[in-house]
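The values are calculated or read from the model by the stated rules, or taken from the named source; none is laboratory data. Everything quoted here is computed from the prediction, not taken from an experiment. So basically every Cβ, Gly included, is an ideal-geometry build from the backbone, and we count neighbours across all protein chains shown.
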Amino acid sequence: MSLEKVKLVEVNAENWYECCQLEVSENQLGYIEPNAISIVQSKFEETLKPYAIYVDEKVAGFLMFNSKSEELDGHWVYRIMIDQEFQGKGIGKTATVLMISEMSKLPDVKKIVVGYHPENMAAHHLYASLGFVDHGDRFGKEMAVIKHINE
């Protein structure tokens, strides 16, 4: 599979249902909310930006971030997931790089923050490989890691 074929497309009338049908592997179920919850949340919190992750013309994942600064003076990644059928192929990393690029275009972004369960080693390796640093910030069951932008 060519990773050049990975792209982000805003969730819209044509792809929202496919996003809702995506599933993580069974051992990841406790780490993330269903995509349907995120899509509904984005309709009530207008600064949240949901995207479908495409490979070729097929929806392979979902992500959502906040276009407004929040805790830790950062722009938070709310969700990022790859359907179990597409995991282990580098799609998540490529999509995360594309997301960072998209978020970096925001006028006031200084930090990108993502929270995840400390037991989620796949997330830990992914974010560490992209320059996110753990400064010891914790929010409930999740740890937050930070990537500095434009500094």
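Note on region 8-46: residues that are over 23 Å from H117 (Cβ atoms) and either in contact with a His (Cβ under 8 Å, 6 or more places away or on another chain) or not aromatic (F, W, Y) (or both) amount to 12.
Any residue at all in region 47-60 that's under 18 Å from I112 (Cβ atoms), among the hydroxyl-bearing types (S, T, Y) and surrounded by 16 or more Cβ atoms within 10 Å (Cβ to Cβ)?
Narrowing region 47-60 to residues under 18 Å from I112 (Cβ atoms): 47-51, 53.
Narrowing further to those that are among the hydroxyl-bearing types (S, T, Y): 47, 51.
Filter once more, so that each one left must be surrounded by 16 or more Cβ atoms within 10 Å (Cβ to Cβ): 51.
Yes; the residues of region 47-60 include at least one that is under 18 Å from I112 (Cβ atoms), among the hydroxyl-bearing types (S, T, Y) and surrounded by 16 or more Cβ atoms within 10 Å (Cβ to Cβ).
Take the conditions (1) touching a helix residue (DSSP H, G or I) at 6+ places or on another chain (Cβ under 8 Å); (2) at pLDDT 90 or above; (3) in a helix (DSSP H, G or I); L63 misses just one of them, which is (3). Here is the figure for region 108-142: residues that are touching an Asp or Glu at 6+ places or on another chain (Cβ under 7 Å) and farther than 12 Å from L72 by Cβ total 2.
G140 meets each of the listed conditions (1) closer than 24 Å to A36 by Cβ; (2) crowded, with 19+ Cβ neighbours inside 10 Å apart from (2).
Which one of these is modelled with pLDDT under 95 and in contact with a helix residue (DSSP H, G or I) (Cβ under 7 Å, 6 or more places away or on another chain): S69, S25?
Numbers: S69 fails: in contact with a helix residue (DSSP H, G or I) (Cβ under 7 Å, 6 or more places away or on another chain).
After ruling out the rest, the residue left standing is S25.
Which one of E57, E71, E85, E45 is under 15 Å from E23 (Cα atoms) and not small (G, A, S)? Quick ask: steps written out before the conclusion?
Working: E57 fails: under 15 Å from E23 (Cα atoms); E71 fails: under 15 Å from E23 (Cα atoms); E45 fails: under 15 Å from E23 (Cα atoms).
Only one candidate qualifies: E85.
Residue count for region 61-77 under the criterion of being closer than 12 Å to G115 by Cα and in contact with an Asp or Glu (Cβ under 9 Å, 6 or more places away or on another chain): the result is 5. Per the listing Q84, Q41, the residue uniquely touching a strand residue (DSSP E or B) at 6+ places or on another chain (Cβ under 8 Å) and either over 18 Å from A95 (Cβ atoms) or touching a residue at least 60 places away in the same chain (Cβ under 8 Å) (or both) is Q41.
Do we have S69 as touching a residue at least 60 places away in the same chain (Cβ under 8 Å), on the phi < 0 side of the Ramachandran plot, more than 14 Å from the chain's Cα centre (by Cα) and surrounded by fewer than 19 Cβ atoms within 10 Å (Cβ to Cβ) here?
Working: touching a residue at least 60 places away in the same chain (Cβ under 8 Å): no; on the phi < 0 side of the Ramachandran plot: yes; more than 14 Å from the chain's Cα centre (by Cα): yes; surrounded by fewer than 19 Cβ atoms within 10 Å (Cβ to Cβ): yes.
So S69 does not fit the description; no.
Can you pull out the residues in region 92-105 that are under 15 Å from K147 (Cβ atoms), touching a helix residue (DSSP H, G or I) at 6+ places or on another chain (Cβ under 8 Å) and surrounded by 19 or more Cβ atoms within 10 Å (Cβ to Cβ)? Within region 92-105, T96 is the sole residue that qualifies. Going through (1) under 26 Å from K7 (Cβ atoms); (2) over 14 Å from the mean Cα position of the chain (by Cα); (3) assigned to a strand (DSSP E or B) one by one, V113 falls short only on (2). The residue list D56, D108 contains one member that is modelled with pLDDT under 95 and touching a helix residue (DSSP H, G or I) at 6+ places or on another chain (Cβ under 7 Å), which is D56.
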